[in-house]
Each structure stands twice: as C-alpha cells, then as structure tokens.
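Chemist: There's a structure below that I have some questions on.
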Ligand code: AMP
C-alpha cells in the first residue's frame, strides 16, 4: 500500500475517476504542473481521454480494473462521486484516495449529507426521511404546503426530483421512485442561489474562491456571475460555512457548497459537491489559481494556490445545439469546448467566460 507523506512530485501520476469535462479540465491543469493523469471512465469515448496520459475504460465496479488503475497512480481522485462504497474501499487498498471514503459517503446520500450539515449548526431547508408512502404523507404534513421529493442518491441536474404540493402528490412521487429511498425537503422561497467553491489541503490549509451567483434553467446551471449580490458579511459567512464543512470531513481537495440565499439574507446549505464544480469554471480565467489547478495541488499534497480574483466574470454554459455556433461564440469570450462528439439536448458541450474589470474585491 502506497502512502502519501510527501507531495506527488512532477512526473507523478494523478488518477481521476470519471472522464467528463471536469476530468478533462483537471487533466489539463495537472499537465501544466508537470503531472501525468490516468483517467478511469466507464465508456471509451470520454472527453478526458483526449487530453490524459493514460486511459482505462471499464465499469465503475470492475474491481480488477480499479486495482490495476490504482497501481498505476500515486493518488486517485474523482470528478464523478457516485462510485459504490465497496469499489472505493477496494481502490483505497491500492492507492491513497482523496477526498477520502468518509467524505464521499457523507455527501453521496442527501439524508446523511443534510443531517451532517444540520449537526454542524448550519441552516438547511426542513427535511424528512422518506422510505415509505406513509412517511411521504407524514413528512408533507410538517411542511408549509410545498416540498420537493428527491432520491437520496444518484441525483444530478434535477434528475430524481419531483415538486409536490399535497400529501397525495408526495406519496405518488415516492411510488414513482420504485422503492428508492428518498428525502422530502420543504420548498425554499429563496431570493437567489449562490455557491462557494473552496479547497482544503492535505495539511489542513483552506482557500475559498469568491462565491458566484448561479442561475439555473431546466435544472441545469445556465450562468454563474462574480461578484454575486452577497454583501461582505455574507461572503465571509459563506466561506466560513465551507470551512466548517471541510474541517469536519477532514476533506482534501476542492468541493462546492450550493447555497440558497433567503429573502431575509439567510444562507441555507442545499448541497455539497465533493469535487470541482460547474459554478467554479470562471476561476480558470479570473483567478491566479483555477479550481482545477487547486484540486490537483490539494490531492497531490502541494501547497494550495492563491484563489484571489483579479477580474469580474460571467460564465455561461453552452448546452446541446448551442455549440453549433462555436465560431460566433469564439469571438465573444474565452471559449471552452469539451470534445463531445454528439450535441444531445441538455448536454453540457462547453462554456464561455467573459471577464470585466474588477469592481468589488
Ligand atoms: P439539487 O439537485 O438539490 O441541487 O437541486 C437542483 C435545483 O433545484 C436547485 O439548484 C434549486 O434551484 C432547486 N431546488 C432544490 N431543492 C430545493 C428546495 N428545497 N427549495 C427550492 N428549490 C430547490
């Protein structure tokens, strides 16, 4: 078993589970630091394979291939956090895994995650465990008329979520999940959404990027804007929330905390993503050290980089057929295309970042 008492030196190999755009941008950042990457993805046409030093295509629960992958890497990290727990445990016998199994287990399950956040004394939407139709009804009765039923695991971009406005609807929504355990949340009438993307190093150092304001369309992030409407005290509070989460999880790497900003200015934790995050893509152009470089630095045991923002930024996702206009888009900002062959509706094909002079430090 390899240990990681020293940083991974230039020339070493970072293993990345998941070969989508996040893995791709992580591999590009690693290359800039003189590090190699080996990507593990369950399909052979992964965007990250195009830019990595090595690639393995195998199912995420293929323990033999995971072991072989681990043996080739100095440390393994994730762009895709839904690896089954037994696969993570197996991998950890071959190679150090950052962030670790505990952080992943806590954040993979919405109920475990929200209970953990609540125990830290942080605010969330009201939530109730739902493992039966009667629990769906009982939970709904405690809400003030509106809720969202979500599967506890494997949800992303609004998948596995149903808005409910009555006990019957809550029960029906649970039935539509075919027995998958769920969580019922009170619907938050928020003013807007924001997020904090931050990093914790192997030595416990902490660095947070400025929180962007995020707008969604059809459950998919449309744009992130920095600075957000958060005032200085709220920015400080948002970063403190991220720090308390990272310290409690003994976290190593970059993560995001998605926040609802209440009409009264309260910050409610919606979700923790134990990985680099779409709302942090603007850091590539607007910060000295991007979220991708920061993650590689953290998991490799390097000193964290400076997250200071030197420009205001607007990041917009390029979704589905919007990528056909790449030539026009290339004239208007920093264009990132992810190398995906097919532009399916709702598929993130790239993003565009526009910078403006720094207004609010
Ligand atoms: P999630 O998958 O939990 O990040 O939810 C996706 C999006 O659904 C969020 O970014 C919100 O726009 C919306 N949403 C999720 N949970 C709630 C809630 N409890 N109240 C209001 N809106 C929510």
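Chemist: Please return the ranges of strands (runs of 3 or more DSSP E) entirely within segment 1-112 where 3 or more residues are at pLDDT 95 or above and crowded, with 17+ Cβ neighbours inside 10 Å.
Modeler: 13-17, 36-41, 75-78
Chemist: Now for a separate question. Just a yes or no: is a residue in segment 193-207 away from the ligand (no atom under 12 Å from the Cβ), under 30 Å from residue 129 (Cα atoms) and surrounded by fewer than 20 Cβ atoms within 10 Å (Cβ to Cβ)?
Modeler: no
Chemist: For residue 254, are the conditions met, namely being touching a helix residue (DSSP H, G or I) at 6+ places or on another chain (Cβ under 6 Å), in a strand (DSSP E or B) and within 16 Å of the ligand (Cβ to nearest atom)? Quick ask: steps written out before the conclusion?
Modeler: Working: touching a helix residue (DSSP H, G or I) at 6+ places or on another chain (Cβ under 6 Å): yes; in a strand (DSSP E or B): yes; within 16 Å of the ligand (Cβ to nearest atom): no.
No, not satisfied.
Chemist: If you don't mind, another one. Pairs, please: C-beta under 7 Å, at least 6 apart or cross-chain, first residue on the phi > 0 side of the Ramachandran plot and at pLDDT below 90 and in segment 145-167, second within 11 Å of the ligand (Cβ to nearest atom) and not in a loop (DSSP other than H, G, I, E, B)?
Modeler: 157/220; 160/150; 160/151
Chemist: Output yes when any residue across segment 338-347 is outside any helix (DSSP H, G or I), touching a strand residue (DSSP E or B) at 6+ places or on another chain (Cβ under 6 Å) and within 24 Å of residue 231 (Cα to Cα), and no when none is.
Modeler: no
Chemist: Which members of segment 266-287 meet the condition of being farther than 16 Å from residue 214 by Cα and touching a helix residue (DSSP H, G or I) at 6+ places or on another chain (Cβ under 9 Å)? Explain how you work it out, then say what you get.
Modeler: Filtering segment 266-287 for residues farther than 16 Å from residue 214 by Cα gives 266, 274-275, 284-287.
Selection gives 274, 275, 284, 287.
Chemist: Moving on to the next point. Looking at this structure, is residue 189 part of a loop (DSSP other than H, G, I, E, B), within 14 Å of the ligand (Cβ to nearest atom) and either within 20 Å of residue 273 (Cα to Cα) or out of contact with any helix residue (DSSP H, G or I) (no Cβ under 9 Å at 6 or more places or on another chain) (or both)? Before you say what the answer is, go through the steps one by one.
Modeler: Numbers: part of a loop (DSSP other than H, G, I, E, B): yes; within 14 Å of the ligand (Cβ to nearest atom): yes; either within 20 Å of residue 273 (Cα to Cα) or out of contact with any helix residue (DSSP H, G or I) (no Cβ under 9 Å at 6 or more places or on another chain) (or both): yes.
So residue 189 passes the test.
Chemist: If we keep just the residues of segment 265-294 that are away from the ligand (no atom under 16 Å from the Cβ) and in a helix (DSSP H, G or I), which is surrounded by the fewest Cβ atoms within 10 Å (Cβ to Cβ)?
Modeler: 285
Chemist: For residue 262, are the conditions met, namely being over 15 Å from residue 16 (Cα atoms), touching a residue at least 40 places away in the same chain (Cβ under 8 Å), within 16 Å of the ligand (Cβ to nearest atom) and more than 12 Å from the chain's Cα centre (by Cα)?
Modeler: yes
The values are calculated or read from the model by the stated rules, or taken from the named source; none is laboratory data. Remember, predicted model here, so these are calculated numbers, not experimental data. Please note: Cβ atoms are built from the backbone with ideal geometry, for glycine as well, and neighbour counts cover all protein chains shown.
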